[in-house]
Amino acid sequence: MLLAQSLLPLIAQDSYKLTIKTQEVALIFHAEDAGGRSVDNLTANDMSVRDNGKPAEKITQFVHHTNLPVRAAIVFDMSVSMQNAISPRRMAQQLASTVLQSSSDQAMIVRFDFETQIQQDWTSDKQQLMATAAHVTDKNGSRLGGTALWDTLYRVCRDHIPAQVPGNEVSANAILLFTDGDDNVSHALPQDVIDECSEREAPIYPFVIDDRAHFNDGQKALRQLAERTGGRVFYDQGAACGVEESIQQINKELRDRYTLVYRPHPMKLDGSFHSVKLECPYRAVHLSVRDGYFAAK
């Protein structure tokens, strides 16, 4: 997220607003140690940021968030190639019962084949979400055929996931995706999805049921989606217990996050892509973070 001439919140016990007179970039990330445990004691001095290969001029804000509210879009591929791969009803009910942990959490259910259908809009009602999940396989399979994966993800992110607006409460956005990665009718491209989700700090978490096809084009695209947006791929998700364990991992990543705001070198506001490399050079920490942003025009 690129911020210019904005009011930037400093989130702490005694919250106040700090007026920023320059362009700044905000990154939201999760940190884990080698054992997969959340790291909650990082400081700005631990971090190194490079923007298009150049060191950041200054880190201007560094905040650790805990117990963030989750906003998760649960997206199911109901095309012909996925009809026998999973039990979407069981998976959706398992997700619904796990992802909503408090009244501040929200989830929605989307299904797609040739077209995108919003099965359940945002709700904090676990019972409503589970009731909707029970019908996710109704009218399964479009007679038109085809799979609109990229169009669906693009529309979900663009039209339903709110951007992180300076001055508003921070939330943990995410897309939980069940698909084999095949697409044959979309107008949107994978890069369009990455750009849109990165702008909204919405990592994509693909769930792969059959891990025998790691190296086909669909799986490669899913890995790229996850890596570029700050998510991860979960393999061998055929069992309900596997899904529950994965959701618990995602919950941990989403609810415990850092916000780092830095001032890059002076740049042209030409809409070009800037790669970002965030590291913790003196500590053995893995960071889940998006890999870049587009400069404003």
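The values are calculated or read from the model by the stated rules, or taken from the named source; none is laboratory data. None of the values given here were measured: they were computed from a predicted structure. For neighbour counting, all protein chains shown are included, and Cβ atoms are generated from backbone atoms with ideal geometry for every residue, glycine included. With ligands, DNA and RNA removed, areas are computed over all heavy atoms of the protein, side chains included. Shrake-Rupley method; radii C 1.70, N 1.55, O 1.52, S 1.80 Å.
Values as computed for the structure displayed
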read-out: Qualifying residues in region 222-276 (those that are at pLDDT 85 or above and of a type in the set (S, T, Y)) - the one surrounded by the fewest Cβ atoms within 10 Å (Cβ to Cβ); value: S275
read-out: Whichever residue in region 135-155 is surrounded by fewer than 18 Cβ atoms within 10 Å (Cβ to Cβ) and modelled with pLDDT of 80 or more and, among such residues, is farthest from Q106 (Cα to Cα); value: G146
read-out: Candidate set: region 59-75, residues that are under 30 Å from I109 (Cα atoms) and open to solvent by less than 50 Å² (accessible area, probe 1.4 Å); chosen: the one farthest from the chain's Cα centre (by Cα); value: H65
read-out: Residues being charged (D, E, K, R), part of a strand (DSSP E or B) and surrounded by 13 or more Cβ atoms within 10 Å (Cβ to Cβ) - total across region 35-58; value: 3
read-out: Strands (runs of 3 or more DSSP E) (entirely within region 254-297) containing at least 3 residues that are of a type outside the set (A, V, I, L, M); value: 257-263, 273-279, 292-294
read-out: Region 77-99 residues that are open to solvent by 10 Å² or more (accessible area, probe 1.4 Å) and among the basic types (K, R), paired with ones that are in a helix (DSSP H, G or I) and modelled with pLDDT under 65 (beta carbon under 8 Å, 6 or more apart); value: R90/A240
read-out: Hits in region 277-297 - residues which are open to solvent by 70 Å² or more (accessible area, probe 1.4 Å), in contact with a strand residue (DSSP E or B) (Cβ under 7 Å, 6 or more places away or on another chain) and at pLDDT 90 or above; value: K277, E279, P281, H286
